[in-house]
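Below is one structure, written out as structure tokens; the observations come after it.
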Amino acid sequence: MSEPVSGPPFEQPADFEFTAENLERAKAHIAKYPPGRQASAVLPLLDLAQRQSGGWLPRAAMDRVAAILDMAPIRVYEVSTFYTMFNLRPVGRYLLQACTTTPCWLRGSEAVVAACKRKLGIGIGETTADGLFTLIEVECLGGCVNAPILQVNDDFYEDLDGAATERLLDALKSGTVPPKGSATGRGGSAPFKGKTALTEPPDAAVAAGWTRNPPGAEKQGEKEDAG
Amino acid sequence: MPKVTIDGQELEVPAGTTIFQACQQLGIEIPHFCYHERLLIAGNCRMCLVEVEKSPKPVASCAMPVADGNVILTQSEKAKKARHGVMEMLLINHPLDCPICDQGGECDLQDEAMAYGFDRSRYRENKRAVPEKDFGPLVATHMTRCIHCTRCIRFLADVAGVPELGGTGRGEDMEIGTYIERALSSELSGNIIDLCPVGALTSKPYAFVARPWELRKTESVDVLDAVGSNIRVDARDGRILRVLPRLNEAVNEEWISDKSRFAIDGLVRKRLDRPYIRRNGRLVETDWRSAIELAAERLKAVPGERIAAIAGDLCDAESMFALKLLLGGLGAASLDCRQDGARLDARCRPGYVFNTTIAGIENADACLLIGTDPRHEAAIVNARLRKRYLRGGFRVAAIGPALDLTFPVEQVGEGGEAVSALVRGDHEWASVLEAAKAPMLVLGQGALARPDGAQILWAARAIAETCGLIRPEWNGFNVLHRAAARVGGLDLGFVPGPGGRDVAGILAGCRSGETEILYLLGADELDLTDTGSAFVIYQGHHGDRGAAHADLVLPGAAYTEKDGTYVNTEGRVQLARRAVFPPGEAREDWAILRAISAALGRALPFDTLPELRRHMAVSHPGLAETDELLPGVWGGFGEVGTIAPAAFAYPVTDFYATDAISRASPTMAECRETFAREPATAPRTGTHG
């Protein structure tokens, strides 16, 4: 997210301390790196701190991470401002990240964003008054085969349209978190109209005889190289 | 060793040399912004692109080591076109405000744009604007002009050791700053103004004052600490407008401390611009003739042993030589140039200079600091220590109160007790020094300026001798001075002669009435509240502590207003040169003393400065050897005796107010105010690097 200077004012907590459990996790992350290279653990530690702080990263948390990793605070600020997944301002309980990059846009992301705005009465980058939702626009989430996508905290809700988005938001508002994944119920990125290939189990003999490198393939390769 | 061909010329360079450095060896100039030879390589401005044969794309020469057989073209169409492209990209967001930019006329971007810029822009969108930052009272920011070369970040993180600047945000939103607004707390922060290739970081006190082509540039040396940093003094219309560092690999490389750079506005404030005589308890203006006559009359009326003189921290060697000659002729032996009371021994030169040399620090592998805080006493020396530390394999320990030198320092004692233990040999650092290949110790004024200073000096010599610091090819015994005049004064023997008094004795003599005339040559760091009935003559340039207690004030010249010889802490003789004339009726110091001698009827044997220097060279040949380090003969110095176990106290408590010039400087006052909340000498914890 952008600099914490834009947007309505908010309060930075005075201090931050990892919970005992998270401190253990932090130590496990630090232990992955050679001694003296503990600064490499800055990303997982910031993520831990963000999760512990309710989805955003207070300055005190960054300073704490800097102290734990023996880094200059500015080096931590550089990292946390570089990565857009660190939120430097408080966010709602549900952080709605609407993908509006080309594939999602072609598949109707505008309807998803419009549904969010209409339903929640907020614009991009705003948080609802009850503190439940924050809506932001993001670039490609890497789920193009199930476009359009709305990411709610850590989970992808896929194949959305306006109505499905409203249903999702209603459910979240009422306190239930619907199962993640496709709104149309398809598994993974299977075709909408049912399978068109591999509709039955493959022949057992073929399955047994199939290897990654069928005989002859190597020879062919060699020939090509020689040519 | 790889062989390369650059623009048709063949060259063999050591492996690891970058293409940029190889080109430099051939004298081929390559445009660049982010590359700086004293900083780590970043390779992010892309201005130094060259064409390398068989490489599909142009190569950033500053970050690419040469490979054997490289054929490099620096002036090919492809390379030029690539640089034109980079320049166009840089200028997309760079404002075209050169007419109102302080960097105008000395701007790398402006210069390179002359060679690689287009005559118009193809960019039609809005330019980005970046909010201003506040980096404190010294560095002004215009961050919209920033081209993100990151030189300032790298300088503060590596050279200054105060990692407070960083690049936050990403892409077009990247900003250079402190993220949380704060003043840069480095005493070397002014150097980022020089490093900035554009007008993003400029000097706050110098803002909108002058253009570089209007300035008269004078090469000189700095006297606000004992490093003797080489500086360039820029003046216009008889007024000094700024000070910039001058390259000297052996001393300051190309850095200077903030005090050296910014205290100059103190040179036009609180100045003594005419003679004053005290009448009825008040100093009243007078003319030179009556002032000189009064001085001569008083000096004539008193026997020599009742005359004493103290030379201050900013005095040039010539004026001290003239004063010594003048008062010596009258039979005065109570001369002293150690106004802080440091028990330095003028008998043996290696006993009071920085023998290892500043550049020699880079060859050391263990360093013991005794009663010194180099960061605030000699910031440039501290930068050298840090540079050595960053290369690895360098242990530093300190005896004295806890220190933050920007690099780890082992605290191995508080004061005299640890020194005694080292002499006895039952201190862990005795064996560390013995085991080291090139050990050094640095004795500071914090250890010497106390009653048992002479004993500590003796102890330090004993440590140096027993722990193997003194070898034919290596001398690890160092005294770090704080005052620019000190080594020169000791070289001249401006110390009590037989039967003479030292500073404490002189002041006691004033109170008891045994000293009737006290001649202060720019001496301001003294407690002069009670000088008894003594007649105090103050010759100097600032209305500071000395002048306030004087009966006769003779206005002299500051270091930028006279040609003077200064000897730095290494014993390096350097010349300061006149950049402007002294204000009002103030005169060069040697000339004032020459005038007094004439009025006394014992005219000094010189009428011009070159004549004075010839005389000085005869009696003190070392002072004529400028910019050279003369080897000294190791000998005995210091005094045997017991050392008080008390902790040392560092001499510099406020980096921004150490002398009459910095105390008169409004910029330094602002710095004091800014950093008062965070005292410079307080140990800082955590991750300050």
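The values are calculated or read from the model by the stated rules, or taken from the named source; none is laboratory data. Computed from a predicted structure; not experimentally measured. Ideal geometry is used to build each Cβ from the backbone, glycine not excepted, and the neighbour counts take in all protein chains shown. These area figures cover heavy atoms from the full protein model, side chains too; ligands, DNA and RNA do not enter into them. Shrake-Rupley method; radii C 1.70, N 1.55, O 1.52, S 1.80 Å.
So what does the Cα-only Debye profile of chain A read at q = 0.08, 0.17 Å⁻¹, as log10 I(q)/I(0), no solvent term? With one equal scatterer per Cα and no solvent, log10 I(q)/I(0) is -0.46, -1.15. Scaling against 2.2 N^0.38 Å puts the C-alpha radius of gyration of chain B at 1.04.
For the pairs A:LYS119/A:LYS193; B:LYS324/B:LYS562; B:LYS54/B:LYS81, note any where the Cα-Cα span goes beyond 26 Å. Check vs 26 Å cut-off fails for A:LYS119/A:LYS193. A Förster distance of 30 Å, applied to the separation of the beta-carbon atoms of B:VAL71 and B:ASP111, puts the FRET efficiency at 0.60.
Charging the Cβ of each Asp and Glu at -1 and of each Lys and Arg at +1, and nothing else, the dipole of chain B about its Cα centre rounds to 660 debye. In this simple spin-label approximation, A:PHE82 and B:ARG279 carry label points 7 Å from Cα along the Cα→Cβ vector, and these lie 7.3 nm apart. Listed by chain and number, the lysines placed with their C-alpha closer than 18 angstrom to that of B:LYS259 are B:LYS204, B:LYS270; residues fewer than eight positions away on the same chain are left out. In percent, rounded to a whole number, the relative contact order of chain A is 14, using alpha-carbon pairs under 8 Å and six or more apart. Peptide A:67-79 shows a mean partner chain C-beta count of 6 within 10 Å per residue C-beta.
Once you list every other residue whose beta carbon is under 13 Å from the beta carbon of B:PHE394, what net charge do they have if Lys and Arg are +1 and Asp and Glu are -1? Charge balance in the 13 Å sphere: +4. Taking the helices alone, the protein assembly as shown has a mean residue ellipticity at 222 nm of -8500 deg cm²/dmol, built from -39,500 (n - 2.57) per DSSP H run of at least 4 residues and averaged over all its residues. For the range A:94-182, the residue among A:ALA129, A:SER182, A:CYS144 whose Cα projects farthest onto the positive side of the dipole built from Cβ charges is A:ALA129.
With all protein chains in place and ligands, DNA and RNA left out, the 1.4 Å accessible area ranks A:ASP15, A:ASP203, B:ASP7, B:ASP265 as A:ASP15, A:ASP203, B:ASP7, B:ASP265, largest first. How far is helix A:42-52 tilted off the main Cα axis of chain A, in degrees rounded to 10, range 0 to 90? Tilt of helix A:42-52: around 70 degrees.
Among B:ASP365, B:ASP316, B:ASP530, the order of accessible area from largest down is B:ASP530, B:ASP365, B:ASP316, computed with a 1.4 Å probe on protein heavy atoms. Taking all protein chains together and rolling a 1.4 Å probe, A:THR176 ends up with roughly 80 Å² accessible. The calculated pair-distance distribution of the range A:94-182 uses every alpha carbon pair, bins of 10 angstrom beginning at 0, and gives 20, 59, 21, 1 percent.
Toward the positive end of the charge dipole of the protein assembly as shown, with +1 on the Cβ of Lys and Arg and -1 on the Cβ of Asp and Glu, the farthest Cα among B:VAL652, B:ASN126, A:ALA60 is that of B:ASN126.
Here the range B:171-288 is treated with +1 on each Lys and Arg Cβ and -1 on each Asp and Glu Cβ, and its dipole about the Cα centre works out to around 1020 debye.
Antiparallel beta bridges, as assigned by DSSP with both residues in the protein assembly as shown, represent about 55 percent of the total such bridges. Per-residue shielding of B:175-182, expressed as the average number of other chain Cβ atoms within 10 Å of the residue Cβ, stands at 3.
Per residue, the average separation of C-alpha pairs within less than 8 Å and at least 6 apart gives chain B a relative contact order of 15 percent. DSSP finds beta bridges in chain A, and of those with both partners inside it, around 45 percent are antiparallel. In the context of the full protein assembly, A:HIS29 retains an accessible surface of approximately 50 Å², using a probe radius of 1.4 Å and ignoring ligands and nucleic acids. Separation of the range B:215-273 from the range B:510-544 is 28 Å, based on Cα centroids.
In a reduced charge model with +1 at each Lys and Arg Cβ and -1 at each Asp and Glu Cβ, the protein assembly as shown shows a dipole moment near 680 debye about its Cα centre. The listed residues B:SER55, B:SER431 rank as B:SER431, B:SER55 when sorted by accessible area, largest first, using a 1.4 Å probe. Here the relative contact order of the range B:125-250, from alpha carbon pairs under 8 Å that lie six or more residues apart, stands at 21 percent.
Annotation: aspartates and glutamates with alpha-carbon distance below 15 angstrom to A:LYS173 (same-chain offsets under eight excluded): A:ASP130. Evaluating 6.51 cos²θ - 1.76 cosθ + 1.60 at θ = phi - 60° for every residue in the range B:286-298, the Karplus couplings come out as 9, 10, 4, 4, 5, 5, 5, 5, 4, 4, 5, 4, 5 Hz, glycine and proline recorded as x. Taking chain A as the reference, fit the longest principal axis to its C-alpha atoms, fit the long axis of helix A:162-173 to the helix C-alpha atoms, and give the angle between the two in degrees, 0 to 90, nearest 10. Taking Cα atoms only, the helix is inclined about 50 degrees.
Computed from Cα atoms, the angle from the helix B:589-600 axis to the main principal axis of chain B rounds to 20 degrees. Exposed loop sites here mean GluC sites (Glu not before Pro) with a DSSP loop assignment and at most 15 other beta-carbon atoms within 10 Å; chain A contains its longest site-free run at A:18-138.
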